[in-house]
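Here the structure comes first, spelled out in structure tokens, and everything after it is commentary.
The values are calculated or read from the model by the stated rules, or taken from the named source; none is laboratory data. On a predicted model such as this, the values are computed, not experimentally measured, just so you know. Positions of Cβ are backbone-derived with ideal geometry, glycine not excepted, and every protein chain shown enters the neighbour counts. Note: areas computed on protein heavy atoms with side chains; ligands, DNA, RNA excluded. Shrake-Rupley method; radii C 1.70, N 1.55, O 1.52, S 1.80 Å.
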Amino acid sequence: MARKPKATALPERDEIVQEARARFEHAQEVWGPIYKRCREDMRFSDPTDPKQWPDDAIRERTNSEGGPRPCFVFDQTSQFVRQVINTARRNKPALNFLPVDDDSDPELAEVLKGLARQTEYQSRADVAYITALEQATRGGIGFFRLCLKETKGKLKGQQTADIKRVVDFESVYVDPDFQEPDGSDMEWGFVEEDMPRAKFTKKWPDAKVIDWDDAGWFTKDTVRVVEYYRIVEDGEKKRCEHFMLSGEDVLESTVVPSSYVPIFPVLGNESWDDGERNLAGCIRLARDPQIAYNYERNSAIEAVAIGPKAPWLAPIEATEGHENEWAQANRGNIPVLHWNSIDDQGNQIQPPSRIQPAGMAAGWMGLEERSKADIQAALGGFESGVGNNPNSQSGRAVIALQDRQDVGTYHYIDNLALSISHCGRVLTEVWPTIYDREQVLRIIGEDDDPEFVRVDPKQKTGYAEVRGPDGKKVVSINPSVGTFDVRATTGPAFQTRQSEAAAEIGEFVNGDPQMLAMFGDVLVKLRNYPEAEKLARRFKAMLPPQVQQAEEAEDGQQQLPPQVMQILQQAQQEIQGLQQQLQEAQSGMQSEQLRAQVQATIAQGHEETARYIAELNAQAAADREAMKDDRDRDINELKAWLQITLQKLQPPPQLAGEVAKDMGESA
């Protein structure tokens with residue numbers, strides 16, 4: 001188990017603080033310009049309040065001589081960012097563990113998958129993953145992290161792994177010299193936290209409140225503390241040390257049972273120029289066309305707003321006496337406009353006529369469409385990819401465009417999968433340390449059904465099936481046995497694949513309704529109806545006998561071998577015949593003949609049974625080296641069936657009594 005927080009000796013404390021300060025300043029110097037550009041992209045594409053107008057343009061348009069000019073925002077970027085994020089929600093990366101050596105049990109790998117799902121479920125890791133992905137997609141970089149926290153349970157001091165999200169990527173400063181996209185080669189890292197001063201003094205009452213080189217670590221109401229991770233080599237092994245630092249003090253120190261820094265970057269678009277890293281999300285290239293689009297839309301609105309509003313042409317005599325009505329003609333919904341049709345001399349007056357206003361210039365519309373196309377090209381997305389089909393294209397063409405968009409943005413999801421894979425490697429190092437006592441753990445299956453396994457750190461094998469106190473089979477694991485590679489795969493969630501499978505089987509059954517008798521139980525389970533299990537059991541009961549036998553054999557249920565079945569059937573027939581003969585013997589049959597028949601039947605049964613047992617033993621001896629424990633159990637169960645057979649071969653009590661009586665009389 002990881003060490004508890006402890007105090008650090010004064011000389012060592014000073015060395016740690018000095019080392020941390022030097023590394024923190026170096027990280028700020030390198031990451032500062034990168035974070036600044038990423039933050040601008042984040043603000044530009046903020047779905048709650050996008051900042052898409054330059055400050056000087058806002059000042060100029062607000063203080064215009066002719067009055068304020070519009071600065072509306074017509075954001076075209078958020079829908080494509082949401083498409084990437086929600087695609088990741090539907091195709092969640094899942095951790096897979098692959099055995100490396102002979103000590104690594106494939107069945108333990110399956111259990112570790114369930115334990116990883118339990119860790120993610122308990123930590124709400126989906127939130128951490130999606131937050132990091134959104135920041136990487138919009139700004140260029142995001143983070144999530146792995147922490148150890150003490151649980152409140154029966155085992156005092158028991159720790160558990162907790163995958164946490166990083167809300168603000170600018171609170172993380174890691175080793176800028178890492179090269180791997182998942183950060184697996186970083187040597188150190190910092191995570192900042194602004195802690196309320198009251199909480200700080202309560203948690204560390206003896207700590208000094210000293211500023212960190214005027215870096216703003218302390219304010220009036222908050223204290224900025226920093227978590228400092230560093231990799232230390234101990235011979236051929238590496239360990240990760242963790243320190244909680246204030247402005248001058250080492251508040252806590254622990255050891256993370258891992259050879260990696262448990263901070264996981266998720267990168268967007270990465271490039272290197274003369275040894276310097278450049279990071280950007282999908283927004284960086286879309287900013288200019290989006291700004292142009294906003295200008296064009298606002299200019300078009302201005303052109304329409306300042307243009308004449310469908311004025312009226314009318315002789316003065318025609319509106320004389322009705323001036324108020326005509327003054328409101330373009331301001332309200334007036335149902336009737338009165339006018340004078342005859343002047344004072346009785347002459348006909350020309351009726352008022354309306355002039356059509358100037359429409360929007362075609363040039364503005366062309367510019368807007370070109371800017372939208374530029375935005376889509378920069379984002380790698382198309383309108384059909386977000387559900388729009390403006391050109392009424394065929395379904396096949398729309399699917400092709402959607403697939404093209406997924407390919408154009410898939411590297412964001414793939415970078416997330418790389419970081420999750422690295423997190424899985426850290427978990428394989430953490431689990432043996434935090435689960436170092438016998439206990440029962442919950443794991444989550446692929447279908448989200450919970451199961452329970454027993455952890456036995458003294459177990460020599462990684463995976464074993466043992467009998468519990470109630471006699472039921474229990475899975476027992478030792479996560480410290482074996483080595484595993486970890487890879488995160490992306491694909492549809494289990495519920496999605498379940499629905500797709502149900503739809504395909506349903507179509508198959510619709511084509512041939514008779515196949516419902518073969519697939520009914522599976523189809524009902526996939527449909528996940530209320531009372532689906534009950535319906536599935538009923539369908540399964542109606543399956544043909546040969547299918548039921550195959551299902552039972554696949555599920556591991558023991559079946560009576562055909563040879564034993566034949567022996568039992570023959571024995572039952574013989575016993576029935578002997579009972580009939582007993583009745584005949586009571587009416588005058590010779591007892592000696594009856595006794596001989598009974599002995600012959602019993603001897604024949606013993607001979608056949610012994611021969612079958614000998615065959616089983618011979619086969620077991622030949623295959624003993626390749627057999628496993630479950631095969632041995634099968635043999636024992638077969639022997640138990642044979643003992644039952646021998647018992648049934650014994651003559652009925654009434655017949656046995658008659659034979660004994662006759663033998664006594666003959667003696």
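Before moving on, here are some points about what is shown:
- Scanning the stretch 163-203 for residues that are of a type in the set (D, E, K, R) and open to solvent by less than 20 Å² (accessible area, probe 1.4 Å) turns up Asp175, Asp182.
- Verdict on Ala109 being small (Gly, Ala, Ser) and farther than 30 Å from Glu40 by Cβ: yes
- Within the span defined as the stretch 175-186, every residue fails to be in a helix (DSSP H, G or I) and aliphatic (A, V, I, L, M).
- Annotation note: Cβ proximity below 7 Å between a residue of the stretch 93-112 that is more than 18 Å from Ser421 (Cβ to Cβ) and among the β-branched types (Val, Ile, Thr) and a residue that is modelled with pLDDT of 90 or more and open to solvent by 10 Å² or more (accessible area, probe 1.4 Å) (sequence gap 6+ or interchain) occurs for Val111/Ile443; Val111/Tyr463; Val111/Val475.
- The residues on offer are Glu170, Glu110, Glu134, and the sole one that is more than 22 Å from Tyr35 (Cβ to Cβ) and either among the small types (Gly, Ala, Ser) or under 26 Å from the mean Cα position of the chain (by Cα) (or both) is Glu110.
- Annotation note: of Arg59, Arg37, Arg69, Arg43, the sole residue that is in a helix (DSSP H, G or I), in contact (Cβ under 8 Å) with a residue 40 or more places away in the chain and not small (Gly, Ala, Ser) is Arg37.
- Filtering Ala88, Ala132, Ala109 for residues that are modelled with pLDDT under 95, closer than 30 Å to Ala280 by Cα and aliphatic (A, V, I, L, M) leaves a single hit, Ala88.
- Qualifying residues in the stretch 223-237 (those that are open to solvent by 20 Å² or more (accessible area, probe 1.4 Å) and closer than 19 Å to Glu252 by Cα) - the one modelled with the lowest pLDDT: Arg224
- Of the residues in the stretch 292-300, not one is in a strand (DSSP E or B) and surrounded by fewer than 23 Cβ atoms within 10 Å (Cβ to Cβ).
- Set Tyr121, Tyr129: member being closer than 17 Å to Asp414 by Cβ and assigned to a helix (DSSP H, G or I): Tyr129
- Identity of the residue in the stretch 234-266, of a type in the set (Asp, Glu) and assigned to a strand (DSSP E or B), that ends up nearest to the chain's Cα centre (by Cα): Glu241
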